[in-house]
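Here the structure is laid out as C-alpha cells; the discussion comes afterwards.
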Amino acid sequence: MKLISIKMNNFRQYYGEDNIINFNDSNITVVLGENGCGKTGIFRAMMFALFGITEIEDDNGDKNIHLVNITKLNENKGALVTAEVIVEIEHDDKQYIVKRTYSEIKDPKTDKII
C-alpha cells in the first residue's frame with residue numbers, strides 16, 4: 001500500500017477545509033516534526049479513516065479527546081459540526097479513496113460536547 005494523500009477537514013487541530021498532505025511518489029513515508037505540530041493528529045486521522053478507530057493508545061482512556069475541531073465547535077454552538085478525513089492510497093496499481101466523517105455538537109448551555 002502506498003499513501004497518495006490525506007485531506008482533513010475540521011479534524012482535531014486541522015481547522016477548516018482542505019488541509020491536504022500530498023505524499024511523494026515513494027514506498028516509504030516518514031512524518032517529521034517537533035512536538036505539538038500535528039504528527040499524532042495525522043496518525044489519528046489515518047487510523048480513523050482506514051479503520052474507524054476513534055481512540056489510540058496514547059489517549060490512556062482520556063475522554064476529553066475529540067475528533068471534531070474545538071474552535072469550529074465553539075463557533076457553532078448548538079449546531080452539528082462534522083470532521084472529515086479522506087485518504088487516497090494505491091495498492092496493486094489501483095487507487096482507492098477512503099472517506100470517513102464524525103460529527104459532534106457543543107451544547108450552548110452546558111458547553112459539553114455531545
inquiry  = Ignoring GluC sites (Glu not before Pro) that are buried or in helix or strand per DSSP, and keeping those with at most 16 other beta carbon atoms within 10 Å, what is the longest stretch of the chain between them?
reply    = 56-114
task = Over the chain, with every protein chain in place, what whole percent of the accessible area is carbon and sulfur at 1.4 Å, could you tell me?
result = 47 percent
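I need the semi-axes of the equivalent ellipsoid of the chain: take the C-alpha gyration tensor, multiply each eigenvalue by 5, square-root it, list largest first in whole angstrom. Present the calculation step by step, with values, prior to reporting the outcome.
On the way: eigenvalues 152, 44, 32 Å².
After scaling each eigenvalue by five and taking roots: 28, 15, 13 Å.
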query = Given Ile28, Gly52, Val87, which one lies farthest toward the positive end of the charge dipole of the chain, if we put +1 on the Cβ of every Lys and Arg and -1 on the Cβ of every Asp and Glu?
reply = Gly52
inquiry  = Quick check: the angle from helix 39-51's long axis to the longest principal axis of the chain, C-alpha only, nearest 10 degrees?
reply    = 80 degrees
query = In what sequence, largest accessible area first, do His66, His91 appear using a 1.4 Å probe?
reply = His91, His66
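Calculate, for the chain, the solvent-accessible area per residue in square angstrom, rolling a 1.4 angstrom probe over the heavy atoms of the protein chains.
Numbers: 7450 Å² over 114 residues.
For the chain, the per-residue accessible area is 65 Å².
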Sparse-neighbourhood loop sites, trypsin sites (Lys or Arg not before Pro) in segment 1-84 - DSSP loop, at most 14 other Cβ within 10 angstrom = Lys63, Lys77
task = For segment 1-65, just list the percent of Cα-Cα distances falling in each 5 Å bin from zero outward, please.
result = 4, 15, 24, 27, 20, 9, 2, 1
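The values are calculated or read from the model by the stated rules, or taken from the named source; none is laboratory data. Owing to the predicted nature of the structure, the values given are computational and were not obtained by experimental measurement. Ideal geometry is used to build each Cβ from the backbone, glycine not excepted, and the neighbour counts take in all protein chains shown. Remember, those area values only see protein heavy atoms, side chains included, never the ligands or the DNA or RNA. Shrake-Rupley method; radii C 1.70, N 1.55, O 1.52, S 1.80 Å.
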